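To start, the structure itself, in structure tokens.
The values are calculated or read from the model by the stated rules, or taken from the named source; none is laboratory data. Keep in mind that what you see is a predicted model, and the values were worked out from it rather than measured. Note that we place each Cβ from the backbone using ideal geometry, even for glycine, and neighbour counts take in every protein chain shown. For accessibility, only protein heavy atoms count, side chains too; no ligands or nucleic acids. Shrake-Rupley method; radii C 1.70, N 1.55, O 1.52, S 1.80 Å.
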Amino acid sequence: MADDYLIEVDDCIKRYGGVVALKGVSLRVRKGSVHGLLGENGAGKSTLVKIIAGIVQATSGTMRFNGEEIVDADVKAMEEKGVFLVTQEPMIVEPMTVADNLMLGRWPARSGFVRDRHMMALATSFLEEANLDPRRLASTLSVVEKRKLNILRALHSGGKLIILDEPTTALTMADKHQLFTFMKQLRAQSVSFLFISHYNEEILEICDEVSVLRDGQMIGQGQVVSHLDSSALSEMVIGRDVHLFKRVTDEAKGDVVWTLRDVRASGLSVDRLDIRKGEIIGFAGLPGSGAKELGRAIYGLMPSARGFLDESGVAHALPRDPAEALRTGIAFLSEDRLRDGIIAIQSIAENMTLSSLPAVSRFGWVSRSAERQLVEKFWRLFAVKAASHAAPLGSLSGGNQQKVLLSRLVATEPRLVILNEPTRGIDVGVKEEVHRLVDDLSHRGVSVIIITSDIEEMLRIVDRVALFVDGRISAIEPAHGLTKEDVFEMAYSASDRSVSASHQPLH
Amino acid sequence: MNTKTSVMPTVAVAPGAVAKNAGASPSVQLLLKYVVWIWLVGLVIVFGLLNKFFFTTSNLQNILTQATVLGLLGLAASLPLLVGEIDLSIAGNMGISSAIGALAILQLHMPTFLGVIVGVGAATLIGFFNGLCITRLRMVSLIETLGMMIILQGGLLAITQGATITDFTDAYTWVGQTTVGGWPVMPLVLFVGFIGMAVLLRRTVFGRKLYATGGNAAAAHVAGIRVNKVKIVAFTLSGFIAGIAGYFLASWQMAITSDQGEGFLLYSIAAPIIGGVSVFGGRGDTWGILGGVLLLTVIHVGLAVVNVPSFYVDMIGGFLIFIAVAVDAIRVGMGGTR
């Protein structure tokens, strides 16, 4: 039945100059369903949703919304029909209230004056179910509340199809769950979602159907999710069998090189942690449990932290800033590439050598040949895909940006590496590459700390897991034999929040 | 943990924005990158057609001499801009530091060279102080340096008591007045200054740190760059260059008025921006700054040469600057990089 579909795209072709981004793609999204859209970076996902949202026009092809043929519609026209694209960056005006943001630009007004009381009343009734106070300042909202507000804004403007572009970026597990519950609630009210994600698990959890794009072509359109599993999804995305990397752990290896002692900061209290040479240790824990905080403290990003990090028995105070940490042989990967990782407007080469300028310079002068050598070495080692060394880093895909950041980190020849969400927002294929690179690093004697909310990934690549509860390490277990469920069990049961949290589904 | 969203202007350089420029061909991008030079050549031709005198050697010398002070000041303004800050006090700094140096010579009877060093030293200290305020005290550079500008302008008025300082020693005015084979020596300083800056930005570790700090200070910090130190050095160096510019202006004019330098403020900020230096930091190069300086100087001199009545000079000059900035905005919109 054709009228089951809210949006129908047929034979959509999009050319950018000589590049064909979409090669005759079809997509159908049912009413009141969550439809997943998967694909590697550059597969054409963004182009397709931009066409649906009216941001760019297709070169050829047809589109029907609610059975009605759409011709030459721009963003405004599509929004009037009820199609909204909600991007990763929440578009929230922070100093304004939730109600102001909800009706941004469409405030109820009389002769130019906003009718505040009326607006509050409208917002209060609209937001009742979503459990958001319209009077709160948007700046006080959490990340997930901001995402929800963005979706609500689209709904308030008459949204029927909400396109979510990687809405779970930077969300914790609990937040993710909250967002998904909210989406299911709306789905029951026959709102449709087109959901873009890099994570198979998310697709399997929230979506009813999924479509996979590869290289501008639709590989699987409208596949029923309940018939699929994670490896089937990965195979569709990359087009070949993915062998998930699994580290071969050898527990008896290596001497203890690094010892953390008496680390104290607000909300952090770690008495002792030994890390072996060439060991990969995972820091796991709920948000605020101290896992991320300890990682930052070791790298000098928490200037208020006090404590010691001994190397081979020699006592050292924790570094005061990253510059000192790097000199001590410690390197760090940020969890948020755009915020404090890449320098988007600068070249790949400049980004790569940024932390190892002393190695490519003499007396304050940058040696071009030394720099080129270093860049070429890592370019090959990490298989960076880009036009040239001089291309601005911001123009690369997420996966390639991450490779450049990893190059920057490895180029400092560190002895201890802290990786924060190393595979966030990158393709399945690149993820496995990153895992192998980290494994290689450890075999060369580098100790590695991995902090990630993707516990399944963590268990595949670490030797031991340190579990954080309320700012302390509550347990350290070999990863071998642990399951995701075990980790959650420990994280929750040891915590005071166990009562409310034990009912949360895992991940 | 991640609840605080970034206030950095990183969104302004979101990947999409950069990706767009894949459309413009390399030659178009190169053209856009140096659009200020095209604009400059165009204006030179127009002024030359309006008045033959514009193409004479003496006028060329005049332009280069005039461009020296503005050029040095443009360099001084660029350093804070490159790290994503701004310094409005450089013109005031130029004025008061030259007066301090001159008074040390004239009233404290210091040797000329020592007086000049005292003046430049004072300017350097003022720049250093600005840097400290902006980094250690986290003052907003726009307002901190605005306050500093007013203090320095007022200070100049106070120490000169409203009078103009003249009667310099010959040694003091030598640089501003000497010609070699009919050519003034001042422009030599301009070119030394620009070559020095180009080397600093392109070839040194400090240049890398400047661009990284301006491009994304948070990322630079995580990458192990001491961002505050870089900013302090940028402001200090900026003050030093402003001090040199102050000495040259006084030496050339053979006078220090009680509002010395004030007219240079907006032009010194405008020149680098016209030349492609971004007010958000991290973008801009020496060629662009030089182009911006020469463009403003040509507009200034050209309007005088073609006998535009003085009542209209400012308005037309402002209009030409306006167009230059608009052209630059189009350039950035089309995705040109530094």
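Out of the residues in the stretch A:56-107 meeting the condition of being under 26 Å from residue A:146 (Cβ atoms), among the acidic types (Asp, Glu) and more than 14 Å from every other protein chain (Cβ to nearest Cβ), tell me which one is least open to solvent (accessible area, probe 1.4 Å). Residue satisfying both the conditions and the ranking: A:100.
A residue that is modelled with pLDDT under 90, in a strand (DSSP E or B) and assigned by TED's automatic domain parsing to the domain that holds residue A:183 cannot be found anywhere in the stretch A:45-66.
Tell me, please, whether a residue that is in contact with an Asp or Glu (Cβ under 7 Å, 6 or more places away or on another chain) and within 14 Å of chain B (Cβ to nearest Cβ) can be found in the stretch A:286-293. The answer is yes, given that some residue of the stretch A:286-293 is in contact with an Asp or Glu (Cβ under 7 Å, 6 or more places away or on another chain) and within 14 Å of chain B (Cβ to nearest Cβ). Annotation: of all residues in the stretch A:121-168 being open to solvent by less than 40 Å² (accessible area, probe 1.4 Å) and hydroxyl-bearing (Ser, Thr, Tyr), the one that is farthest from the chain's Cα centre (by Cα) is A:157.
Take the stretch A:144-173 and flag every residue that is assigned to a helix (DSSP H, G or I) and of a type in the set (S, T, N, Q). Correct list: A:150 only. Criterion applied to A:244, A:233 was being outside the structural domain of residue A:472 (by TED's automatic domain parsing) and assigned to a helix (DSSP H, G or I), and the one residue passing it is A:233. Scanning the stretch A:304-323 for residues that are open to solvent by 20 Å² or more (accessible area, probe 1.4 Å) and within 30 Å of residue A:396 (Cα to Cα) turns up just one, A:321. Of all residues in the stretch A:185-197, none satisfies being over 21 Å from residue A:152 (Cα atoms), outside any helix (DSSP H, G or I) and in the same structural domain as residue A:19 (by TED's automatic domain parsing). Of everything in the stretch A:343-362, what is at the interface with chain B (Cβ under 8 Å from one of its Cβ atoms) and small (Gly, Ala, Ser)? Give them in sequence order. Those that are at the interface with chain B (Cβ under 8 Å from one of its Cβ atoms) and small (Gly, Ala, Ser): A:344, A:355, A:361. Considering only the stretch B:226-234, I want to know if a residue exists there that is more than 14 Å from chain A (Cβ to nearest Cβ) and farther than 30 Å from residue A:299 by Cα. No: zero hits.
Would you confirm whether any residue within the stretch B:135-158 is on the phi < 0 side of the Ramachandran plot, within 14 Å of another protein chain (Cβ to nearest Cβ) and crowded, with 22+ Cβ neighbours inside 10 Å? Looking for residues that are on the phi < 0 side of the Ramachandran plot, within 14 Å of another protein chain (Cβ to nearest Cβ) and crowded, with 22+ Cβ neighbours inside 10 Å, one finds none in the stretch B:135-158, hence no.
Checked against the criterion of being in contact with a His (Cβ under 9 Å, 6 or more places away or on another chain) and touching a residue at least 24 places away in the same chain (Cβ under 8 Å), the candidates A:249, A:259 yield just one match: A:249. For the stretch A:362-398, filtering for residues that are surrounded by 14 or more Cβ atoms within 10 Å (Cβ to Cβ) and assigned to a helix (DSSP H, G or I) leaves 13. Cβ-Cβ distances below 8 Å connect the following pairs, each with a first residue in the stretch A:363-375 that is on the phi < 0 side of the Ramachandran plot and at the interface with chain B (Cβ under 9 Å from one of its Cβ atoms), a second residue that is among the β-branched types (Val, Ile, Thr) and not in a helix (DSSP H, G or I), and a separation of six or more residues or different chains: A:365/B:204; A:366/B:204.
I'd like the full set of residues that are among the β-branched types (Val, Ile, Thr) and within 14 Å of chain A (Cβ to nearest Cβ), limited to the stretch B:268-311. The answer is B:277, B:279.
Against the list (1) within 13 Å of the chain's Cα centre (by Cα); (2) surrounded by 24 or more Cβ atoms within 10 Å (Cβ to Cβ), the condition residue B:86 fails is (2). With respect to residue A:441, determine if the residue is within 14 Å of another protein chain (Cβ to nearest Cβ), touching a residue at least 12 places away in the same chain (Cβ under 8 Å) and either open to solvent by less than 20 Å² (accessible area, probe 1.4 Å) or not in a helix (DSSP H, G or I) (or both). No, not satisfied.
Conditions (1) at negative phi; (2) in a helix (DSSP H, G or I); (3) in contact with a strand residue (DSSP E or B) (Cβ under 9 Å, 6 or more places away or on another chain), marked per residue:
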| residue | (1), (2), (3) |
| --- | --- |
| B:162 | no, no, no |
| B:175 | yes, yes, no |
| B:189 | yes, yes, no |
| B:193 | yes, yes, no |
| B:207 | yes, yes, yes |
| B:211 | yes, yes, no |
| B:220 | yes, yes, no |
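Candidates B:119, B:127, B:131: the one that is touching a residue at least 40 places away in the same chain (Cβ under 8 Å) and closer than 20 Å to residue B:165 by Cα is B:119. Whether any residue in the stretch B:299-322 is closer than 17 Å to residue B:190 by Cβ, out of contact with any Cys (no Cβ under 7 Å at 6 or more places or on another chain) and open to solvent by 20 Å² or more (accessible area, probe 1.4 Å) is what I want to check. Within the stretch B:299-322 (the criterion being closer than 17 Å to residue B:190 by Cβ, out of contact with any Cys (no Cβ under 7 Å at 6 or more places or on another chain) and open to solvent by 20 Å² or more (accessible area, probe 1.4 Å)), the answer is yes, since at least one residue qualifies. Does residue A:229 satisfy the condition of being under 19 Å from residue A:309 (Cβ atoms) and free of Cβ contacts under 8 Å to residues at least 40 places away in the same chain? For residue A:229, the condition - under 19 Å from residue A:309 (Cβ atoms) and free of Cβ contacts under 8 Å to residues at least 40 places away in the same chain - is not met. Here is the figure for the stretch B:186-223: residues that are open to solvent by 30 Å² or more (accessible area, probe 1.4 Å) and more than 7 Å from every other protein chain (Cβ to nearest Cβ) total 11. When each of A:451, A:426 is tested for being buried (at least 19 other Cβ atoms within 10 Å of the Cβ) and touching a Phe, Trp or Tyr at 6+ places or on another chain (Cβ under 8 Å), the lone residue that passes is A:451. Considering each residue of the stretch B:283-306 in turn, none proves to be outside any helix (DSSP H, G or I), hydrophobic (A, V, I, L, M, F, W, C) and under 16 Å from the mean Cα position of the chain (by Cα). For the stretch B:228-280, the tally of residues that are outside any helix (DSSP H, G or I) and crowded, with 24+ Cβ neighbours inside 10 Å stands at 6. With the requirement that a residue be farther than 12 Å from residue A:163 by Cβ and open to solvent by 20 Å² or more (accessible area, probe 1.4 Å), what does the stretch A:22-46 give you? Of everything in the stretch A:22-46, those that are farther than 12 Å from residue A:163 by Cβ and open to solvent by 20 Å² or more (accessible area, probe 1.4 Å) turn out to be A:23, A:24, A:26, A:28, A:30, A:31, A:32, A:40, A:41, A:42.
Considered as a group, the residues in the stretch A:410-423 that are assigned to a loop (DSSP other than H, G, I, E, B) and modelled with pLDDT of 90 or more include one that is surrounded by the most Cβ atoms within 10 Å (Cβ to Cβ), and that residue is A:422.
Within the stretch B:169-185, identify whether any single residue is open to solvent by less than 40 Å² (accessible area, probe 1.4 Å) and either basic (Lys, Arg) or out of contact with any helix residue (DSSP H, G or I) (no Cβ under 6 Å at 6 or more places or on another chain) (or both), and answer yes or no. Taking every residue of the stretch B:169-185 in turn, at least one turns out to be open to solvent by less than 40 Å² (accessible area, probe 1.4 Å) and either basic (Lys, Arg) or out of contact with any helix residue (DSSP H, G or I) (no Cβ under 6 Å at 6 or more places or on another chain) (or both).
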